[in-house]
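The numbers here are math on the coordinates, done by the rules we state, and not lab data. All values derive from a computational prediction rather than experimental measurement. For neighbour counting, all protein chains shown are included, and Cβ atoms are generated from backbone atoms with ideal geometry for every residue, glycine included.
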Amino acid sequence: GDSVTQMEGPVTLSEEAFLTINCTYTATGYPSLFWYVQYPGEGLQLLLKATKADDKGSNKGFEATYRKETTSFHLEKGSVQVSDSAVYFCALSPNTGNQFYFGTGTSLTVIP
Amino acid sequence: GAGVSQSPSNKVTEKGKDVELRCDPISGHTALYWYRQSLGQGLEFLIYFQGNSAPDKSGLPSDRFSAERTGGSVSTLTIQRTQQEDSAVYLCASSSTLRASSTDTQYFGPGTRLTVL
């Protein structure tokens, strides 16, 4: 069945470091892919999305490219800030059915 | 405007008791989802409502779990005869999409943390 696998955390980086959080997926057909973020004490919110192969989603300096050949949607940011400390979830939405599939989340802590 | 709200924020109950969790979606959103997030796990889909259509209950883990959505708005998730393994954060999300598996954004509530002793 459809699923999402993301790298386990926690991840700790210094401010201005480069961030990569890996996400790979298994799906039939052509799903849509998402990154959600959960800041401390807040609910999940959409960070970015991509709906077809080679699309790049971007928001707040974060980027992720939908790679069908490697079934990946890795999240990247060139220079992280303390305010980026949060839990990041990769998610998949198949083109059929009603389910969304989420990864287990990766906790990121950015230290000054 | 107001976002998705859930109540209670925390619930502690004894094994075997029934619990009700409430979700108020964003006004006008036709789609509503319930998810469960257990410790160290990702979000597990439970149930999906879309307008007046029959809900998609394919994610409910057992017949002890049920959900209703009255008037196409507020939803209640009920867990009967709670077990310790039901302890988790229960999240509700709503969307304006007319079709599930769309690319439209889901807006999440803050969740209800359920602890079954």
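Some points to look at:
- Using θ = phi - 60° in the Karplus curve 6.51 cos²θ - 1.76 cosθ + 1.60, the 3J(HN,Hα) couplings for the range A:14-31 round to 7, 3, 6, 6, 8, 10, 9, 10, 7, 9, 10, 9, 10, 7, 8, x, 10, x Hz; x is entered for Gly and Pro.
- Of the GluC sites (Glu not before Pro) in the range B:1-91, the ones in a loop by DSSP (not H, G, I, E or B) with at most 15 other beta carbons within 10 Å are B:Glu14.
- For the residues of A:86-94, the average number of beta carbons from a partner chain within 10 Å of their own beta carbon is 2.
- Simple spin-label estimate for A:Glu69 and B:Asn10 in nanometres, 7 Å along Cα-Cβ: 5.1
- Peptide A:99-106 has a mean shielding of 6, counted as Cβ atoms of other protein chains within 10 Å of each residue's Cβ.
- At most 11 other Cβ within 10 Å, DSSP loop - chymotrypsin sites (Phe, Trp or Tyr not before Pro), the range A:72-112: none
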